[in-house]
Amino acid sequence: MTTLVLELKNILKHREQGGATFELYIEQLQLYKGQFVAVVGESGCGKSTLLDILALVSKPNSCEQFTYYDSKTIDIKQLWEQQQEETLAMLRRLHFGYVLQTGGLLPFLTVLQNLRLVSEINGFHDSKIKELAERLDISGILNKKPQYLSGGQRQRVAILRAISHHPQIILADEPTAAVDERRALNIIQEFHNIAKENGTIIVMVTHNHNLVAPFADVTYSFDVSDVSDTLTQSYLLKQ
Amino acid sequence: MKLPIITRLAILDLWHEWILTLCMVLAIASILTPLLVLLGLKYGTIQTMHERLMEDPVNREIRPARTLRLSSQWFTQFKQRDDIEFVIPTILRGSSVIRVTTNKKRLLIDLVPTDYNDPLILTNNGVIPQQDECVLSYTAAKDLGVKKGDILNAEITRTRDKNKESVQVKLRVVAILNPRADSLTRIYAPFEFVNDVETYKEGRAVYNRNWPGGIVLPPLNYDGLWLLLPQNLTSIDEINLTVSTGLTEIIKVQANEFEQELNFYPPNNYAIYKISAKNNPITTNSLNIVKNKLRGKSAIILPFVNNVMITDKNNTKIIGLSLSKLQTDILGLPELPWGKFDINTNFARQGQALLPNNDKSPVISLTSKVIGGEVVFPVNNQGASFNKNIIVPIELIGILRTGQINQIIFDQRQKTFLSAKTNYHGFRLYAKSIDDIPELYSYFISQDIDIIAQIQEIEKLKILDKGLTRIFWLIAIVGIAGGMAALIASLYASVERKKRDIGVLRLMGLSCLQVFRFPVYQAIIIVILSNIVAGSGYIAISYTINLMFINEIGSKICTLPSTYFGLIFIITIVIATLSSLLAAWKTTAIEPAEAIREE
């Protein structure tokens, strides 16, 4: 677990909504290959903002270092500064997988079409999808539309979709929020297995610290303080 | 073949929301279908009226409103126009009436010329008549009580020298025209026959039909004259010779210049003048005036022409000379067999020659270029030329000069030159299309030729077409605007609804441009489906309309050519694409982060 994949240093993200300002400070964040990273915090602490930054969809307001290490070093800070949206989209496409709170499945596609979508966007056909579906116990629902699935089924499909194109980093935004504790445990177990077996980095955002603690290699939390009526500051802390 | 990913996603999304898609397709089809039917009705109605006007050559006919004088050249040139289907000269109305008799009846009938490709005949149950054949109008056939195949006896009458004369011809009826072709009592015959009838009626003979009569000899024309005088002309004399003679230029020349032209020298003490007409050639009348003006001056007048090429088989130079015995004596030339210049001479006198080089041929053939081609004629050998040239009467040369400005022919049977008929008094003309008539009308007006044509009917049709087109576009614009508004609203609302899905697609790595295409493709797909539904609806409705009216009208009144469907398809695709741009622009504003936020 020594290969560094993503490194962020002294990042500030500033957000305004309804007259209130929120600032997230990230002093340092390093993600290593095969690491299971838990990001724990209450609502409004900046979990999703952190995920936006990691998912390359939200530009930091200030940044000392934001580097992605692949076969070559990619300076994400510079890509943001140069507004190279196409390159950022390509990085997202190739190296990132996403699991959203309720799955983030496209309702007009069947489960199988959802699973194949990322591979197709990347221009390849993954023949192992059905095999992985068996393993996640969703092979019987491949032709169903997402609205006919239970919360647990939806999340498992989302996990499978996230790993279908073999990304280096999977970002999971409260993937257990919509399922019962037993299912949640299964999901986290599954993420842990994927991280260990494939060397994939799992960044899992959750508010349930107890659920994720047994599996996490490293846990981050937030130190939130209301500086004034209109300004809230949050600092990412490594536990 | 696998469709591109955005196209597939667009189709799958529409399929997923099939009820909304169906509603949208039906909404657009409900605008398109009546527009197609309306366009079909407009096109079909105008087309039917247009075809009816087109089909009937009567509507494409242009007739002169008064008697004209049109030359053969005019007809030759006019036939070159692209907007003419058929044109033929006609004769004077007074000359075109012939008496037709059958076993039962006797009628005076108007004779009309026809020829190959006459659309009036060909589109009205007729065939083009050949020699000794004719086609009758329906009224003529009815009045005469004849049918196809019957033989008519046509009598052509004239009064010449106070005597009534007539000739008779048998004509076989080869067709009877439909009643709509011609409401008058008319007989259609080959142009040559009609032309001969006019020739006969004018008192002339028609030798190929053995119809007796007079002949019209061509007049003589010259470009000037040589004047040989024993003394010089005074300047007053010189001016006087250019007054009322058509001669414009008088030059005193040297004897050798004269010799170069005529190959003999004038007497030493003679003054030589070359007097020319600059523009138009002079006639024998001018020669007589000159002769009178020089009375008592012992002048010898030798008319000449420029650029009349006469050739024999050996290309010998040919000189025209007509001189009296006294004149040849003065000039020191042998006497000419045909003697002095005589304007009244016929070809028996003109067709003589003195040949050089002891040519003993009794007759030689000469050729000269005239209007319409070449004229070939024989001349009799009257003996040896006094030089190396062929000497012919100058009257012969004068006729050939006339042949350069008016058509002349050499009649082998009569052994004489005749003036060919060069002017016609009218025409029968059919434009290629009714759309060509306004332009032809303008042409004739510019030529100061009054004509009668169905111009008003055509203008009425054009105004109707223009009016219907305006109404169609008015309705079409309202319909299209409504359709566009519905499509814009639907696609925009769809993008608003699918913000999260589009955000997920962006999160997965689709670029702005790729998601931009998503609503555009959906709009195009909706419009393609709408076109199919609208096309089917149009087919069903137009079939019903045509079925209802086919008996009354006799043709389809709701019809569209296939190219229109292609054009409408392309136009609707363009409109759909334009309508989708707002929604497409909206997709580009959706950030991938919104997918995460929406959750």
So which residues in segment B:336-360 are in a loop (DSSP other than H, G, I, E, B) and loosely packed, with under 13 Cβ neighbours inside 10 Å?
B:Asn344, B:Asn357, B:Asn358, B:Lys360
Requiring at least 1 residues that are closer than 17 Å to B:Asn221 by Cα, touching a Ser or Thr at 6+ places or on another chain (Cβ under 7 Å) and not assigned by TED's automatic domain parsing to the domain that holds B:Thr283, the strands (runs of 3 or more DSSP E) wholly within segment B:400-456 are none
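Tell me, which residue of segment B:475-518 that is in a loop (DSSP other than H, G, I, E, B) and within 21 Å of A:Met90 (Cα to Cα) is nearest to the other protein chains (Cβ to nearest Cβ)?
Step one: of segment B:475-518, the residues in a loop (DSSP other than H, G, I, E, B) are B:498, B:508-511.
Checking the rest, the ones that are also within 21 Å of A:Met90 (Cα to Cα) come to B:508-511.
On the way: B:Met508: 6, B:Gly509: 2, B:Leu510: 6, B:Ser511: 5 Å.
Step by step, filter segment B:475-518, then rank; the result is B:Gly509.
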Return the residues of segment A:113-130 that are within 13 Å of chain B (Cβ to nearest Cβ) and in contact (Cβ under 8 Å) with a residue 24 or more places away in the chain; say none if nothing qualifies.
A:Asn114, A:Leu115, A:Arg116, A:Leu117, A:Val118, A:Ser119, A:Ile121, A:Asn122, A:Phe124
Just give me the residues in segment B:421-443 being surrounded by 18 or more Cβ atoms within 10 Å (Cβ to Cβ) and at pLDDT below 85, in sequence order.
B:Lys421, B:Ile434
Spans of helices (runs of 4 or more DSSP H) in segment B:244-332 with at least 2 residues at pLDDT 90 or above, of a type in the set (Phe, Trp, Tyr) and on the phi > 0 side of the Ramachandran plot:
none
Test each condition in (1) touching a Phe, Trp or Tyr at 6+ places or on another chain (Cβ under 7 Å); (2) at pLDDT below 90; (3) under 28 Å from B:Ala534 (Cβ atoms) for B:Ser562 and report the one that comes out false.
(1)
In segment B:243-265, what count of residues is obtained for those that are surrounded by 16 or more Cβ atoms within 10 Å (Cβ to Cβ) and in contact with an Asp or Glu (Cβ under 8 Å, 6 or more places away or on another chain)?
1
So A:Ala133 ticks every box in (1) touching a residue at least 24 places away in the same chain (Cβ under 8 Å); (2) at the interface with chain B (Cβ under 7 Å from one of its Cβ atoms) but one. Which box is left unticked?
(2)
Can you tell me which residue in segment B:444-464 is farthest from the chain's Cα centre (by Cα), limited to those that are surrounded by 15 or more Cβ atoms within 10 Å (Cβ to Cβ) and within 21 Å of B:Pro89 (Cα to Cα)?
B:Gln454
Scan segment B:365-375 residue by residue and report those that are within 13 Å of B:Ile397 (Cα to Cα) and either without any contact (Cβ under 8 Å) to a residue 24 or more places away in the chain or of a type in the set (A, V, I, L, M) (or both).
B:Leu366, B:Val370, B:Val375
Tell me which residues, restricted to segment A:75-112, are polar (S, T, N, Q) and facing another protein chain (nearest Cβ under 7 Å).
A:Gln101, A:Thr102
Write out, first by first residue and then by second, each pair whose Cβ atoms fall under 7 Å of each other, whose residues are 6+ apart or on separate chains, and whose first residue, in segment B:94-120, is on the phi > 0 side of the Ramachandran plot while the second is modelled with pLDDT of 90 or more and in a strand (DSSP E or B).
B:Asn117/B:Phe86
Among the residues of segment B:54-66, is any touching a Lys or Arg at 6+ places or on another chain (Cβ under 6 Å) and surrounded by 15 or more Cβ atoms within 10 Å (Cβ to Cβ)?
no
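The values are calculated or read from the model by the stated rules, or taken from the named source; none is laboratory data. Here the structure is a predicted model, which is why all the values come from computation and not from measurement. Virtual Cβ from ideal backbone geometry, glycine too; neighbours counted across all protein chains shown.
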